[in-house]
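> Could you have a look at this structure, given as structure tokens, before my questions?
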Amino acid sequence: MKDNTKLIAAGRPHKRSAHPVNTPVERASTILFPTYDDYLEGARSINYGRLGTSSHRALEEAVTVLEGGFDTRLAPSGLAACNMSILAFVETGDHILVADTVYDPTRKFCERFLKRFGVETTFYNPTADKEDIAALMRPETTVIFAESPGSLTFDVQDLPALAEIAHGGDAVLIADNTWAAGYFSKPIALGADVSVQAATKYIVGHADCLVGTITSAHEEASRKIYMALLQLGSNVSADDAFLALRGMRTLSARLERHQENALDLAKWLAKRSEVARVIHPAIKGCPGHPIWKRDFSGSSGLFSAVLKPIELNALKAFFNALRLFGIGFSWGGFESLAVHVHPERHRTASPWTEDGPVIRFHAGLEDIDDMKADIDNAFAAMMQAQ
Ligand SMILES: Cc1ncc(COP(=O)(O)O)c(C=O)c1O
């Protein structure tokens, strides 16, 4: 089956005489077993709400099919999916390699939380040569954590090369696949042991709940992930699992439109006199474009633009003049967003040195002409305030 079909068919109720199209929301803490034998059998499947119900199993099944993995477990947020998947593979004395452009709260988790338990992190330049990254490996390195492309400056990583480095040192490669939504990139086929997503973004798609997904490539990874989630008491509400699965049904249609709008907007921005450059991996000439072309089948709605240096007052005027674009964190919903981001604050191995402000845009599903008019108007306000 093609991905478009998988998104419609996977995780649907199995053949029954008459049933709704969607797997119903099954909320539960206690699960009741009619007989002692059923209770024994239940110990091996759905037996307590924290471990999920049929609502969770349906979403897990659909994400597994989309990512092409062995199985999927859910986490209460994308951040929990990233951090718990790292926790599953480390113990005191271990060392991990993490992309310098990783989602910042995961960076903080490594620098602060993992450090307290004696796990050391080295941040690597995500666009460094394979040999330079391999040279950072130590005998005690157990994880390489990549995010491709990074969600502020869209640095595309060479996942097959990272998988080779990881496996050469008995480590695992975990990849954050949120930007591509499991649809435009398949980290597991590229060699990753685990692919994580903030399903909060494109899978949920409506900016109304948080869910994380952790897809393992093989049984060994799956066992460790399961144990970490179980022992940490992780749980996702059945309502949120339902919303995420409902979002998946329209994922391909939405992503195609996000892609089209983002590319159009990025090319339009690149020609504006206020813009120094746009950073969009699917645009020829942008850093990482050759690897994107090799490893991705499309691009989503998130990209950045570096403006020419301006006064803070003028930048404020830009944001305050926006009517359609919301000022907000997160992305992946149906709506357009713009946010001032600060890559210079979050890096150590690959310092960010450009002077102009970086604006991250999320191209929503609105009409492209209205989106451009909104930004055009905001640029006019910016230049007036300058
Ligand atoms: C790339 C990436 N990974 C993970 C997360 C965390 O997701 P959540 O907000 O669901 O915790 C985010 C959130 O912005 C993200 O951009």
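> What residue, of 169, 191, 182, 118, is at pLDDT 95 or above and buried (at least 23 other Cβ atoms within 10 Å of the Cβ)?
Values: 169 fails: buried (at least 23 other Cβ atoms within 10 Å of the Cβ); 191 fails: buried (at least 23 other Cβ atoms within 10 Å of the Cβ); 118 fails: buried (at least 23 other Cβ atoms within 10 Å of the Cβ).
Of 169, 191, 182, 118, the one residue that is at pLDDT 95 or above and buried (at least 23 other Cβ atoms within 10 Å of the Cβ) is 182.
> (1) under 19 Å from the mean Cα position of the chain (by Cα); (2) open to solvent by 30 Å² or more (accessible area, probe 1.4 Å): which one isn't true of residue 135, the others all being true?
(1)
> Something else about it: Is it fair to say residue 51 is in the same structural domain as residue 223 (by TED's automatic domain parsing) and more than 12 Å from the ligand (Cβ to nearest atom)? Talk me through it step by step, then tell me what you get.
Numbers: in the same structural domain as residue 223 (by TED's automatic domain parsing): yes; more than 12 Å from the ligand (Cβ to nearest atom): yes.
Taking the combined requirement at face value, the residue satisfies it.
> Any residue in segment 367-378 that is of a type in the set (Lys, Arg), at pLDDT 95 or above and buried (at least 21 other Cβ atoms within 10 Å of the Cβ)? Talk me through it step by step, then tell me what you get.
First, the residues of segment 367-378 that are of a type in the set (Lys, Arg): 372.
Those left that are additionally at pLDDT 95 or above: 372.
Narrowing the set further to residues that are buried (at least 21 other Cβ atoms within 10 Å of the Cβ) leaves none.
Within segment 367-378 (the criterion being of a type in the set (Lys, Arg), at pLDDT 95 or above and buried (at least 21 other Cβ atoms within 10 Å of the Cβ)), the answer is no, since none of the residues qualifies.
> Out of 56, 19, which single residue is within 17 Å of residue 243 (Cα to Cα) and either away from the ligand (no atom under 16 Å from the Cβ) or not in a loop (DSSP other than H, G, I, E, B) (or both)?
Details: 19 fails: within 17 Å of residue 243 (Cα to Cα).
56 is the lone residue from the list that is within 17 Å of residue 243 (Cα to Cα) and either away from the ligand (no atom under 16 Å from the Cβ) or not in a loop (DSSP other than H, G, I, E, B) (or both).
> Looking at segment 303-324, which of its residues are out of contact with any helix residue (DSSP H, G or I) (no Cβ under 6 Å at 6 or more places or on another chain) and of a type outside the set (D, E, K, R)?
Within segment 303-324, the subset out of contact with any helix residue (DSSP H, G or I) (no Cβ under 6 Å at 6 or more places or on another chain) is 304, 306-312, 315-316, 319-320.
Answer for segment 303-324, where residues must be out of contact with any helix residue (DSSP H, G or I) (no Cβ under 6 Å at 6 or more places or on another chain) and of a type outside the set (D, E, K, R): 304, 306, 307, 309, 310, 312, 315, 319, 320.
> Scan segment 58-68 and tell me whether some residue there is farther than 20 Å from residue 180 by Cβ and open to solvent by less than 30 Å² (accessible area, probe 1.4 Å).
Checked against the condition, which is being farther than 20 Å from residue 180 by Cβ and open to solvent by less than 30 Å² (accessible area, probe 1.4 Å), segment 58-68 yields at least one hit.
> What single numbered condition from (1) out of contact with any helix residue (DSSP H, G or I) (no Cβ under 9 Å at 6 or more places or on another chain); (2) within 19 Å of residue 214 (Cβ to Cβ) fails to hold for residue 65?
(1)
> So which pairs qualify, if the first residue must be in segment 167-184 and closer than 17 Å to residue 362 by Cα, the second must be more than 14 Å from the ligand (Cβ to nearest atom) and among the aromatic types (Phe, Trp, Tyr), the Cβ gap must be under 7 Å, and the two must be at least 6 apart or on different chains?
Once the first residue is closer than 17 Å to residue 362 by Cα and sits in segment 167-184, its partners that are more than 14 Å from the ligand (Cβ to nearest atom) and among the aromatic types (Phe, Trp, Tyr) give 180/296; 184/296.
> Of the conditions (1) free of Cβ contacts under 8 Å to residues at least 60 places away in the same chain; (2) open to solvent by less than 50 Å² (accessible area, probe 1.4 Å); (3) within 16 Å of the ligand (Cβ to nearest atom); (4) assigned to a helix (DSSP H, G or I), residue 108 clears all except one; give me its number.
(2)
The values are calculated or read from the model by the stated rules, or taken from the named source; none is laboratory data. These figures come from a predicted structure and were not determined experimentally. Cβ atoms come from the backbone with ideal geometry, glycine included; neighbour counts cover every protein chain shown. Keep in mind that these areas ignore ligands, DNA and RNA; they rest on the heavy atoms of the full protein, side chains included. Shrake-Rupley method; radii C 1.70, N 1.55, O 1.52, S 1.80 Å.
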